[in-house]
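Remarks on the structure that follows.
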Amino acid sequence: MAMSPDSPLIDELDPVVQNYGDLRDPYSGYAENRGVGIVHEDHLNVRVFRAYRYADVEQILRDEKTFSAAINGELMRPFLGETILEMDGPRHQQARGLIAHPFRPTVVKTWEENLIRPTAHEVIDGFAARGSAELVREFAWQFPVRVFAKLLGIPLTDYEAWGRWAIDLERLSMDWGRGVAAAHEVRDYFAPIIAARRAEPNGDFVSELVTAELQGERLTEGLIHGFIRLLIPAGQSTTYRLVGTLMLAMLTHPEQMEAVRADRSLVPAAVDEALRWEAPVQFAARRANVDTEVAGVAIPAGSGVTSVLGSANRDEARFSDPDRYDITRPRQSHVAFGEGPHMCLGAHLARLEAGVALNVLLDRLPDVRLDARDTDPHWVGWAFRSPTSVPVAFTPN
Ligand code: HEM
C-alpha cells in the first residue's frame, strides 16, 4: 500500500521529536561558544569537549589517529549492528572501499533519470491537483522513502515498511523497544534478498554490495546488514531534512527562489547553501585516544570530543554574514557532510536528490508560494535540524 498524507505513519513525523528538541535557535549560543573555542561539560564522570570553530572541527575530524570514531559504536551498535561509522584506520578504509562500490559516480548518475526524477514526479502527482500541500510530510519525507525503497529493490507494496522502520529508528530515544524491533525487522526483511543476490546477482544495489571486492576481500554478512540499517538514519532521515530545509529556505527567500527558477544552474548553490545554513546533522562524535590539545585546550585521553557541525558552518572566520541564507556567496566547502576519513559516503546522492526535488517542484508548481496563514513554519532541533512544516499554495494542475 502506498503511503498517503492521511496515513497514521505520517502523523508520527513530528520534527520536534525527531530532532531531539524544540530548540528554535541554537545559533546565538553557538556564536557565544565560538568566542570561547572549546567548551567542556562532565557527563557521568566522562568529560566531553565541544568544538565550535571551523578550524578546530576540521582538525578533529581529519585526525583519526588522535580522535577515534569507535564512540559511534557505543551509541549505535545496539540497533544498527557494526557499521563503518565506528571503525578507524585500515579496517575502516577497507570496509568503506567496499561499501562505496555502489556509489560510483557513473552508477549514481544513472539513478538520476531512471529513478530519482520519476520518483519526484510521482510524489508530486499525489497533491498537484489539490492546489495546496504540506511539503515536509507530503514531499520531503515521501520522496527519499521511495527513492531508497526503489534503490534497494523493495516492492511498492512494502514502501510503507521502509517508512515505518525509519520512523521507529528515529524515535529510538522515545521508544527503545520499537527501535530495536525495527532493526530486527530490517534484518529479517533483507536476509533472503541478500541470499538471493549472492546466488544470482542482478546488477541492483544489493547485488553491488554483495559482489563488491577489494584486495580479495568481500563485505561480511554482518557489515551488509549494518550498512542497510545505517541507510535509514544516515540516508533517509538526513535527506528528508535537507529537502525540507531547501524548500523552506527557498520559499522564505522568494527573490532567491525566482533567481533559481530563471536560472537552474543556480540549483547546486541553493542546495549547498541550505546544507551550510541549516546542517541536518549537527554533531559528529569522537573520543580522544591519547592526551592531546585543540586550540590550546588540553584534552585528556578517554574524553568525548564533539564537533558541532552547525556551528562550524556559521563560523564568521570562514563565512561572511554567516547567519544569512545567500546562494550567491562564494562557494566554499563546509562540514555538513563531516570531514576527513568518515566524510559522508552519500553526499553526492543527497545533493542529487535535493537538486532534482527543487527542479521538479519548480517545473510542476510554477507559482508555488508559502501559505503560512495559521502556522509558523520554522526550523527546530538540537541534534538534527529540519522545518516544522512547509505549507504551500499553488495553481492546481
Ligand atoms: C543531507 C543528507 C546527509 C547528511 C547531512 C549527511 C551527513 C553525514 C555526516 C555528518 C557524516 C559523518 C559522521 C561522522 O564523521 O561521524 C556522514 C557519514 C555517512 N553518511 Fe551521510 N549524510 C547525508 C546523506 C547520506 C546518504 C544519502 C547516504 C547513503 C546513501 C549517507 C551515508 C553515509 C555513510 C555510509 C556515512 C559513514 C561514512 C564513514 O563512516 O566512512 N549519507 N553523513
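Quick check: the distance between the Cα centres of region 147-179 and region 315-330, to the nearest angstrom?
36
Under the definition of Cα pairs under 8 Å and six or more residues apart, what whole-number percent is the relative contact order of the chain?
So the answer I get is 30 percent.
Using only DSSP helix segments of four residues or longer, with each worth -39500 (n - 2.57), what per-residue ellipticity at 222 nm results for the chain after dividing by its residue count and rounding to 500?
Here the helix-only value at 222 nm equals -13500 deg cm²/dmol.
Report the charge-dipole magnitude of region 164-249 in Debye, nearest 20, computed about the Cα centre from +1 at each Lys and Arg Cβ and -1 at each Asp and Glu Cβ.
Dipole of region 164-249, to the nearest 20 debye: 240 debye.
Shape call for the chain from the C-alpha gyration tensor, a ≥ b ≥ c root eigenvalues: rounded (a/c under 1.5), prolate (a/b greater than b/c) or oblate?
The shape class here is oblate.
Can you put 376, 168 in order, fewest other beta carbons within 10 Å first?
Listing 376, 168 from fewest to most nearby Cβ atoms yields 376, 168.
Assign one of three labels to region 13-125, namely rounded, prolate or oblate, based on the Cα gyration tensor with a ≥ b ≥ c the square roots of its eigenvalues; rounded applies when a/c is under 1.5, prolate when it is not and a/b is larger than b/c, and oblate otherwise.
It comes out oblate by the Cα gyration axes.
Where a number appears in this text, it was derived from the coordinates with a stated rule and is not lab data. Because the structure is predicted, anything quoted here is derived from the model rather than measured. Reconstructed Cβ throughout: ideal geometry from the backbone, glycine too, with neighbour counts over all protein chains shown.
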